[in-house]
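Here the structure comes first, spelled out in C-alpha cells, and everything after it is commentary.
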Amino acid sequence: VNRNSTLNADTVWSDCCAVRTQAPLVHSLTNLVVMAFNANTLLAAGASPIMAHAVEEVADLARLSGAVVVNIGTLDAHWVPAMQLALDTARAAGKPSVLDPVGAGASAYRNQVLADLITRRPTLVRGNASEILSLAGHSANTKGVDSTDPVELALAAAQSLAQRYGCVVCVSGPEDHVLAPDGRHAVLRNGHPLMTRVTGVGCSASALVGAFAAVQPDPWRACVSAMAYWGVVGEIAAQRIGPDGGTGRYASTLLDVASTLSATALQQTLRVEVVA
Amino acid sequence: VNRNSTLNADTVWSDCCAVRTQAPLVHSLTNLVVMAFNANTLLAAGASPIMAHAVEEVADLARLSGAVVVNIGTLDAHWVPAMQLALDTARAAGKPSVLDPVGAGASAYRNQVLADLITRRPTLVRGNASEILSLAGHSANTKGVDSTDPVELALAAAQSLAQRYGCVVCVSGPEDHVLAPDGRHAVLRNGHPLMTRVTGVGCSASALVGAFAAVQPDPWRACVSAMAYWGVVGEIAAQRIGPDGGTGRYASTLLDVASTLSATALQQTLRVEVVA
Amino acid sequence: VNRNSTLNADTVWSDCCAVRTQAPLVHSLTNLVVMAFNANTLLAAGASPIMAHAVEEVADLARLSGAVVVNIGTLDAHWVPAMQLALDTARAAGKPSVLDPVGAGASAYRNQVLADLITRRPTLVRGNASEILSLAGHSANTKGVDSTDPVELALAAAQSLAQRYGCVVCVSGPEDHVLAPDGRHAVLRNGHPLMTRVTGVGCSASALVGAFAAVQPDPWRACVSAMAYWGVVGEIAAQRIGPDGGTGRYASTLLDVASTLSATALQQTLRVEVVA
C-alpha cells in the first residue's frame, strides 16, 4: 500500500492545472436534467465534455476520450446497453470510468441495472450515503434522489464496495469521504448547504472526478482532488453571494468560481485530511 | 360546495411554508428543454424533484412521491406508456397529479395522446388559453407552444373540462384563472411579460402546482397558491432587474427570488381574487 | 450571381428587427445538452422555439414552422427518422432548414448518419472546421466536439460542400466564414474565446441561423446576419463581465445582451467583410 499522506493544496492544485492544460475529453452518459450544467462545469474546470449515448457510437467515443462517466439519474432501458458498452470499452482500453448511482434504492429496476453496471468494474463510484448503502446491498433509507442516512453509516458499505469491486468509492455529503481498495481514506470538509439546492451539483462532482482521473493516474488522488476542487468552489461561491443570496445566482457563481479559481484561494479554503 | 373566499396572502404563505417544511418529492415526466429549470424551481421552492421516465420504474417512483407531473412538451411515443402508468399509479395511490398539455393542437399526434391522458383523470391541468381550448375539443389558434387566444375565450372550455373530468383547471396568461369542478374560480393578477421570454417558466408553474398539491389537500387552493407564489416571484424578479434587464439575468433572478421570498414581499405584491 | 457587397450593420439590424417583429417559429431537433440554452437564445432574439422530435408529429410541426434546425450532438437512432422527415418536409414545403453536424468525424455512426442527412439538402450547414472537413469527406483532426483544424483549411471543403449540395455553408471559429453556392463569401471577425467555454453557444448559432433564415429569403445573407448578431453579442458580453469574469456570468450575460441589443451597439461592434 502506497499511503500518500501528503495530499494537500499543492497536490490538488497540480491536478487542477493538469486538467486545464490537458483539457481531457470526458465522455458522459448522464441524466437529462443535469447535462447542460455538467458540461458547463467540465468546461469551467478546463476539460472538454462530450455527451453521447447511442450504442452505435459509444465504443468509438469512449476510446477517443480520457474518461467515461455513467450516471443513471434518468434511467432508460434504451440507454442501458450503451452504458454497459461504454464501461466495458473504457475498461478494455485502460481508460478510467466513473459510476454515479443516482437514486439507487428508489426502484427495483434501478437496483437491477446498478447490480449489472457495478460488475463492469468502474474505476470510481461516487454517490450519497443512501446510494452507496443501497449499491452495497444494505437496506438504505432512500427518499428519491436525496440521502437521508448520515454519511458515517455508509462508510462500511463503501469500504466493502471498494474491496469487492476494486474501485475507489466516494461518499459525498456534508463531509466527503474517499476510500481506496487498499484502505486509503481521505476526508474533505468543504462545500456549503446551497450545493444541495441547485440541480446537478452532485452529478457535476462525478463528472469532475472523471476529468481529474483522465489526467491523474492514481484514481484515489484524482477523486480527492476533484472533490476538493468542487467543495472549495462551492464554499467560495456561497461566500461570494452572501447570506441573502439565492439559488439562481449561486448556480451561476459556482461556474464563475470554477472557471477562475486561483492557487491562493484554493490554499486558503481547502480542508482535507488523510485519515488512513 | 365549500366556497373558500378567504384565499389571500396568509393562505398562500401557509402553503409556501408547508412546501418548505415538508419538502415533498415531486415526480416529473417532463420535457427535455425545461428539466433543469423545473428542477431548480422546485428546489428553490423547497420541494425535492425527481425526474424519471422509464416505464419499468415510474410506478415505484410515483408511489414514493408526493405528486406526479406529466408534461408533453417533447412528446415521445417511447415515453407515453410511462406517462399513462404514472398518472394511473398516482390516481390509484391517492396522490395528486398534474397534466401540462404543452402544444396541444399543434399536431394530430399530440392531440391523440392528450385525448388519452386526460381520461386518466389528472387532479389538475394547467395550460395557456390555446392549449386548454384544444384539450377541450374546441378549435384553437395554436402557434407552436405559444398561445394566441385571449385567456377569456378559454374560460368556458376550462369550465367544461373541469366538470367533465373532475379536475381543477388553470388557464395561465396575463391573468391566471383557476377553476374547480364545483364552480370555484380564482383570478390571479401577478407576473410579468418577461416570464414568456425564458423557456420553462410556464412548465415550472405546473411543476410547482404539483409541489403545492402534495402538501395542500384542496387541489384548487393548492393551484391558486402555486400560481400566486410563481406570479409574485416573476413580478418581483422583473422589478429587481429593472427596465434595462435582460433575459439571462431574469432567469437567474427568478430562482433567487423563489428561494428567498418572504411573507412580507408576498403580502405586498399578491393580487388574488375569488370571483366565484 | 447577385453579389451583394453591401452587407453591413444596416442589413444585419434590419434582419434582427424582422426576427423580433415576426417572431418566427423555429422547430429544432437538437441535442439534449443545449436545448434549454438554445431555446433561451431564440427567445432572446425574439424568435419562438419549438423542440419536438417524435416522428409521428415532426412533419406537422415543420409545416407549421418558419424554419427547421437539425443538430446531431446527442445522436440517437430513435431520432434519425424524425430528423430525415423534418428535413424532407421543410424542403417540400419550401421552408429553410439548417444542419449542424456536431462531432462529425468522431465516430463511424455519426459519419454514416450525416452522409444521409446532407443528401436531404438542408438550406444551410454550420459547423467548425473539423466538422466541415469531415462532412466534405476530407480527413479531419477531430477531438470530440472541438475543432483542432484552423478554419482556413476548411474553406475549400466548405466551398465543395456548398457547390455539391447547393447549400450555404458556415465555418465558424475565431473568424466565421459564410459561403454561398454561387461563390459569395463573407468573413465575420467578432466573438470572444469565452464563447467556447459555455456549452451550446455554437449550437445556438445554428438555431439563430434558422430564425434569421425564416425571415430573410436570401439564406446567405440570413446566415451572415445571424452570425453577426451572435458574434457581436458574444463580444459585448465579454466586455461587460470584464477580464475577471467567469463562465457562469458570461452565459447569463450572453442572453442579457442578446435580448437588449441596440442598433448603435451593433453598429459600433460589427466587423463584417464580403470577400467574394
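What follows draws every value from the coordinates through simple rules; no lab data is involved. Computed from a predicted structure; not experimentally measured. Neighbour counts are summed over all protein chains in view; Cβ atoms, including those assigned to glycine, are modelled from backbone coordinates with ideal geometry.
Failed condition for A:Arg121, given (1) of a type in the set (D, E, K, R); (2) under 21 Å from C:Trp79 (Cβ atoms); (3) part of a loop (DSSP other than H, G, I, E, B), with all others met?
Result: A:Arg121 fails condition (2) only.
Which count do you get for residues in region C:150-186 that are under 26 Å from C:Leu255 (Cβ atoms) and in contact (Cβ under 8 Å) with a residue 60 or more places away in the chain?
1
May I ask you to verify whether B:Ser259 is within 14 Å of chain C (Cβ to nearest Cβ), surrounded by 18 or more Cβ atoms within 10 Å (Cβ to Cβ) and out of contact with any strand residue (DSSP E or B) (no Cβ under 7 Å at 6 or more places or on another chain)?
Numbers: within 14 Å of chain C (Cβ to nearest Cβ): no; surrounded by 18 or more Cβ atoms within 10 Å (Cβ to Cβ): yes; out of contact with any strand residue (DSSP E or B) (no Cβ under 7 Å at 6 or more places or on another chain): yes.
No: the conditions fail for B:Ser259.
Just checking, does region A:69-80 include any residue being more than 30 Å from B:Leu43 (Cα to Cα) and not in a helix (DSSP H, G or I)? Walk me through how you get there before you give the answer.
From region A:69-80, those more than 30 Å from B:Leu43 (Cα to Cα) are none; that's our starting set.
Among the residues of region A:69-80, not one is more than 30 Å from B:Leu43 (Cα to Cα) and not in a helix (DSSP H, G or I), which makes the answer no.
Go through region A:38-47 and report how many residues are buried (at least 24 other Cβ atoms within 10 Å of the Cβ) and at the interface with chain C (Cβ under 9 Å from one of its Cβ atoms).
Within region A:38-47, the first condition is being buried (at least 24 other Cβ atoms within 10 Å of the Cβ), and the residues that meet it are A:38-42, A:44-45, A:47.
Of the ones still in play, those that are also at the interface with chain C (Cβ under 9 Å from one of its Cβ atoms) are A:38-40, A:42, A:44.
Residues flagged as buried (at least 24 other Cβ atoms within 10 Å of the Cβ) and at the interface with chain C (Cβ under 9 Å from one of its Cβ atoms) within region A:38-47 amount to 5.
Any idea which of B:Thr74, B:Thr89, B:Thr123 is surrounded by fewer than 22 Cβ atoms within 10 Å (Cβ to Cβ) and β-branched (Val, Ile, Thr)? Break it down into steps so the answer makes sense when it comes.
Details: B:Thr74 fails: surrounded by fewer than 22 Cβ atoms within 10 Å (Cβ to Cβ); B:Thr123 fails: surrounded by fewer than 22 Cβ atoms within 10 Å (Cβ to Cβ).
Criteria check complete, one pass: B:Thr89.
Keeping to region A:230-276, report how many residues are aliphatic (A, V, I, L, M) and either touching a His at 6+ places or on another chain (Cβ under 7 Å) or more than 18 Å from A:Ala47 (Cβ to Cβ) (or both).
To start, the set of residues in region A:230-276 that are aliphatic (A, V, I, L, M) comprises A:232-233, A:236-238, A:241, A:251, A:254-255, A:257-258, A:261, A:263, A:265-266, A:270, A:272, A:274-276.
Then drop every residue that is not either touching a His at 6+ places or on another chain (Cβ under 7 Å) or more than 18 Å from A:Ala47 (Cβ to Cβ) (or both), which leaves A:236-238, A:241, A:251, A:263, A:265, A:270, A:272, A:274-276.
The number of residues fulfilling the criteria is 12.
So how many residues does region A:87-132 have that are of a type in the set (S, T, N, Q) and within 14 Å of chain B (Cβ to nearest Cβ)? Working first, answer last.
Looking only at region A:87-132, we keep the residues that are of a type in the set (S, T, N, Q), and these are A:89, A:97, A:107, A:111-112, A:119, A:123, A:128, A:130.
Subsequent filtering for residues that are within 14 Å of chain B (Cβ to nearest Cβ) retains A:107, A:111-112, A:128, A:130.
Residues meeting the conditions: 5.
Take A:Leu99 and tell me if it is assigned to a helix (DSSP H, G or I) and surrounded by 18 or more Cβ atoms within 10 Å (Cβ to Cβ). First the steps, then the outcome.
Details: assigned to a helix (DSSP H, G or I): no; surrounded by 18 or more Cβ atoms within 10 Å (Cβ to Cβ): yes.
Against the criterion (assigned to a helix (DSSP H, G or I) and surrounded by 18 or more Cβ atoms within 10 Å (Cβ to Cβ)), A:Leu99 does not qualify.
Six or more apart or on different chains, Cβ atoms under 9 Å: show the pairs whose first residue is in region C:30-47 and part of a helix (DSSP H, G or I) and whose second is surrounded by fewer than 24 Cβ atoms within 10 Å (Cβ to Cβ) and charged (D, E, K, R).
Sorted first by the residue in region C:30-47, then by its partner, the pairs are C:Asn40/B:Arg197; C:Leu43/B:Arg197; C:Ala44/B:Arg197; C:Ala45/C:Arg20.
Mind checking which residues of region B:241-270 are among the hydroxyl-bearing types (Ser, Thr, Tyr) and not in a helix (DSSP H, G or I)? Spell out how you get there, then give the answer.
Step one: list which residues in region B:241-270 are among the hydroxyl-bearing types (Ser, Thr, Tyr), which gives B:247, B:250, B:252-253, B:259-260, B:262, B:264, B:269.
B:Ser262, the sole residue that qualifies.
Among the residues that make up region B:55-65, is at least one of them within 7 Å of another protein chain (Cβ to nearest Cβ), in contact with a strand residue (DSSP E or B) (Cβ under 9 Å, 6 or more places away or on another chain) and part of a helix (DSSP H, G or I)?
yes
Looking at (1) over 29 Å from A:Leu254 (Cα atoms); (2) among the polar types (S, T, N, Q); (3) touching a helix residue (DSSP H, G or I) at 6+ places or on another chain (Cβ under 6 Å), which is the only condition A:Ser97 fails?
If we test A:Ser97 against (1) over 29 Å from A:Leu254 (Cα atoms); (2) among the polar types (S, T, N, Q); (3) touching a helix residue (DSSP H, G or I) at 6+ places or on another chain (Cβ under 6 Å), just (1) comes out false.
Mind telling me which of the residues B:Ala263, B:Ala276, B:Ala205 ends up being under 21 Å from B:Leu7 (Cα atoms) and within 15 Å of the chain's Cα centre (by Cα)? Working first, answer last.
Values: B:Ala263 fails: within 15 Å of the chain's Cα centre (by Cα); B:Ala276 fails: within 15 Å of the chain's Cα centre (by Cα).
Result: B:Ala205 is the single residue among B:Ala263, B:Ala276, B:Ala205 that is under 21 Å from B:Leu7 (Cα atoms) and within 15 Å of the chain's Cα centre (by Cα).
Report yes if C:Arg110 is crowded, with 20+ Cβ neighbours inside 10 Å and in contact with a Gly (Cβ under 9 Å, 6 or more places away or on another chain), otherwise no. Reasoning before the result, please.
On the way: crowded, with 20+ Cβ neighbours inside 10 Å: yes; in contact with a Gly (Cβ under 9 Å, 6 or more places away or on another chain): yes.
Spelling it out, C:Arg110 is indeed crowded, with 20+ Cβ neighbours inside 10 Å and in contact with a Gly (Cβ under 9 Å, 6 or more places away or on another chain).
Just wondering, is there one or more residues in region C:12-19 that are touching a residue at least 12 places away in the same chain (Cβ under 8 Å) and either within 14 Å of chain B (Cβ to nearest Cβ) or within 23 Å of B:Gly103 (Cα to Cα) (or both)?
Yes: one or more hits.
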